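A short write-up of the structure that comes next.
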Amino acid sequence: MTNNNPSVMIQANNLSKNFSGMHALKGASLSVERGEVVCLIGPSGSGKSTFLRCIHGLEKPDGGEVYLEGKLLDPKNKEEYRALRNKMGFVFQHFNLFPNLTVLENCTFAQMQVLKRTQEEATENALSYLGKVGLLEKKDSYPNNLSGGQKQRVAIARALCMNPEIMLFDEPTSALDPEMIKEVLEVIQELAAQGMTMIVVTHEMGFARKVGTKIVFLEAGHVIEEANSEEFFTAPKSDRAKEFLSKVIYD
Ligand SMILES: Nc1ncnc2c1ncn2[C@@H]1O[C@H](COP(=O)(O)OP(=O)(O)O)[C@@H](O)[C@H]1O
Ligand SMILES: [Mg+2]
């Protein structure tokens, strides 16, 4: 099954997800064009992580479909499903680095296991991305010896090593001390400037306004509002988005 619009990278249609009777997602849809930075915002518990995880396949939606570059993500179609999922990089709030592997090994592991690259190829690629996130000198360190900001930059480099077509970030700065937020957001902004397509769940409204091309506002498992970022922040349409912004933006 296909869905043909070549500029659309991700099309999520009517996704729903229940957790033992709790409706976390109630028919949420989203489309992401190539090169877009979609920021997913909304109150805590509104289903942002579930939405992102269902798009990636980390959670299996109970209903709805996800298309990547026009192809349906269908777990029954094992080979294609795996190949499509490999086109998506995922960055977690809590980094999820392997604690027993060095920074470099964290970045080469999946390249060798999943993409079957040689150690040489994987290492070369990893060093290039570690350089891009400014962490080359930490290549032999273990995650426990890094700051939160450094851990998250490693997690971003690790995801980039898989050469994804799109990056998904789930509150990448929420677990960080305040002084480390910027270094991570700058890396993400730089990626956006280079044309990477992404979906970013974030509470950083300054970032969403500046870097986001589209804002999707979620509440109670529904997409309440979708708008370009300037429009959303200057003239939100729904009362719920207005109320949310009045609570989270201090000015
Ligand atoms: N694995 C899970 N098991 C049970 N309930 C969950 C699970 N994941 C999320 N939920 C529930 O689903 C709702 C949406 O959660 P989530 O997607 O994490 O929201 P957000 O990321 O917007 O804070 C919440 O009520 C949460 O408690
Ligand atoms: Mg969340």
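Since every read-out is calculated from the coordinates, none of them should be taken as a lab result. No experiment lies behind these values; they were computed from the predicted model shown. Virtual Cβ from ideal backbone geometry, glycine too; neighbours counted across all protein chains shown.
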What do you get for the angle between helix 119-132 and the principal long axis of the chain? Use alpha-carbon atoms, 0 to 90 degrees, nearest ten.
60
Where does helix 103-113 land angle-wise versus the long Cα axis of the chain, in degrees 0 to 90, nearest 10?
80
Each residue of region 87-102 in turn: what ³J(HN,Hα) in whole Hz from Karplus with 6.51, -1.76, 1.60 and θ = phi - 60°, glycine and Pro shown as x?
7, 10, x, 10, 10, 8, 4, 9, 6, 6, 7, 7, x, 8, 10, 5
With no solvent and one point on each alpha carbon, what is the Debye value of log10 I(q)/I(0) for region 1-88 at q = 0.17, 0.19, 0.23 Å⁻¹?
-0.69, -0.86, -1.20
So who's got an amide H within less than 5 Å of the one on M167, skipping anything under 5 residues away but keeping other chains? H placed 1.01 Å off N, in plane.
G89, T197, M198, I199
Let me know the Rg and Dmax you get for region 16-174 when you use only its Cα atoms, in Å.
16.7, 49
State the Cα centre-to-centre distance between region 6-28 and region 197-251 in whole Å.
18
Which links in K87/K214; K60/K151; K182/K242; K78/K214; K151/K214 stretch past 30 Å when you go from one Cα to the other?
K78/K214
Rounded to whole Hz and in sequence order, give me ³J(HN,Hα) for region 38-48 from the Karplus expression 6.51 cos²θ - 1.76 cosθ + 1.60, θ = phi - 60°, writing x for Gly and Pro.
8, 9, 9, 10, x, x, 4, x, 7, x, 4
Chymotrypsin sites (Phe, Trp or Tyr not before Pro) restricted to region 221-251 and DSSP loop, no more than 13 other C-beta within 10 Å:
Y250
Within straight cross-link reach of K247, meaning Cα distance under 20 Å, which aspartates and glutamates are found once same-chain residues fewer than 8 apart are removed?
E171, E204, E219, E225, E226, E230, E231, D239
For a Förster distance of 35 Å, can you work out the FRET efficiency between the beta-carbons of N163 and S238, rounded to the nearest 0.05?
0.40
Give me, ordered by chain and number, the residues 5 or more places off S141 or on other chains with an amide H under 5 Å from its own placed amide H.
V103, L104
Stretch gain in nm, segment F98-M112, where the contour uses 0.36 nm per residue and the Cα spacing is subtracted
3.5 nm
With r as the distance between the Cβ atoms of K78 and N5 and R0 = 22 Å, compute the FRET efficiency 1/(1 + (r/R0)^6) and round to 0.05.
0.25
Just to be sure I understand: of the beta bridges DSSP finds with both ends in the chain, what percent are antiparallel, rounded to 5?
60
Return the loop-located trypsin sites (Lys or Arg not before Pro) in region 103-197 (DSSP other than H, G, I, E, B) with at most 12 other Cβ atoms within 10 Å of their own Cβ; answer none if there are none.
K116
Got a sec to turn the phi values of region 78-86 into Karplus ³J(HN,Hα) couplings, 6.51 cos²θ - 1.76 cosθ + 1.60 with θ = phi - 60°, whole Hz, x for Gly and Pro?
3, 4, 5, 4, 5, 5, 5, 5, 5
Report, by chain and number, residues whose modeled amide H sits under 5 Å from the one on E225, excluding near sequence neighbours (fewer than 5 apart, same chain).
F217
